[in-house]
1. Which value, in debye to the nearest 20, describes the size of the charge dipole of segment 234-288 about its Cα centre when Lys and Arg Cβ atoms bear +1, Asp and Glu Cβ atoms bear -1, and nothing else is charged?
2. Taking the Cβ of each residue in R71, R237 as the centre, tally the other Cβ atoms inside 10 Å and list the residues starting with the fewest.
3. Please report L258, L166 as a ranked list, fewest other C-beta atoms within 10 angstrom at the top and most at the bottom.
4. Segment 267-326: D in µm²/s via Stokes-Einstein (Kirkwood Rh, Cα pairs, 25 °C, 0.890 mPa s)?
5. Please sort by residue number the chymotrypsin sites (Phe, Trp or Tyr not before Pro) in segment 258-326 whose DSSP state is loop and whose Cβ has at most 16 other Cβ atoms within 10 Å.
6. Rank these for me by crowding, E99, E129, going from fewest to most other beta carbons within 10 Å.
7. How big is segment 89-325 along each principal axis, measuring the range of its Cα positions in Å and listing the largest first?
8. Quick check: convex hull of the Cα atoms in segment 123-248, volume per residue, rounded to a whole Å³?
Amino acid sequence: MPRRRLHLVPIALLALVLVAGVAVGLHLAQQAASTGSGAPLDPETGSPLGAQQTANGPIAAPRLATGLKLRLNGTKDPFAFPFKDPPKAGLLFDLDTGEVFWRKNPNKKLAIASVTKMMTSLLVVDRLEPGTRVPVTKEALAYTGSGVGVLPKGKSVGLSAMLHGLLLASGNDTAIALAQKTSGSVDEFVDDMNLHAQAMGMRCSHYASPSGIVDKGNYSCATDLAIQARAILDNPRLAPIVARREAVLPFPIKGGKLYLYNHNPLLKQRYRGTLGVKTGYTDAAGKCIVVAVRRGKRRLGLVLLDSPDLAKQPMQIFDYAFRKLA
């Protein structure tokens, strides 16, 4: 009898462990189903297991993440451009298929100046709902470099107007205000930018400011910027903004209106089919542009970093490409 009792105790314990394991498994499955993510939740944070944490919650894949998969496996591109004065890096690609037509140092890490604001806008719209009011802080008014310049001190401005100021006028003041509203501080926002880039599958980008005014530690590459271009053009809140040549918006200043003009040279010159996206310039970065053009059903994207001439070089490349693809 004693021997039989000694064997029964482990069997009972094993049964209890199995029952508990099934219960835990069912609980985790229910959590995964309730989030729709397919991943169980961390019992302490309530976020998907494995998600990266920030002061403002987990950074998971962006809600409107790009589906662009660049086809960079080939060694010879269909197009060759005999530039007299070439850009330092560049990429011409199909925004929908990912086919690459021309590349130059596509993965080279380079300063990108205000092209940084592409990532800023993607993080902002992923975190802030339409209609959000953005306070104009003293830090925003202490900006350097380009800015909207008329942000009303101590007031709140609608999110749409602030995004227009960010992407059309390349406002460093709006970048600061949006960063503070989104993440609580500029430093926290920069941390979130870097995590957001990782979540989008970017491999050579690192950010040091929400505006790009700081060159040190702020860089990207043509392939990562192509991913961002597709994400912005697929975003129903950002695509209409970057396509605008100019905008007149209600604004809480004297006169009640804000007049903004896009720095994109293709939009300024009314180049046919231009869809956006963003330009930038600092001494370290040179002249940079990420731009997209549609002709018929085909959308081509172009990244030029440290280009000698943003007024002519992009249009020459697009003219040649669409002629060859016709």
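Bear in mind that the values in this text are calculations on the coordinates, not laboratory data. None of the values given here were measured: they were computed from a predicted structure. As a convention, Cβ positions derive from the backbone with ideal geometry for all residues, glycine included, and neighbour counts pool all protein chains shown.
1. Working: 10 positive and 3 negative charges, 45 e Å.
In total the dipole reaches around 220 debye.
2. The most exposed by this proxy come first: R71, R237.
3. Details: L258 20, L166 28.
Ordered by Cβ neighbours within 10 Å, fewest first: L258, L166.
4. My calculation gives 205 µm²/s for D.
5. Y271
6. Numbers: E99 16, E129 7.
Ascending number of Cβ neighbours within 10 Å: E129, E99.
7. Principal extents (largest minus smallest coordinate, Cα): 53, 35, 31 Å.
8. About 107 Å³ per residue, rounded to a whole number.
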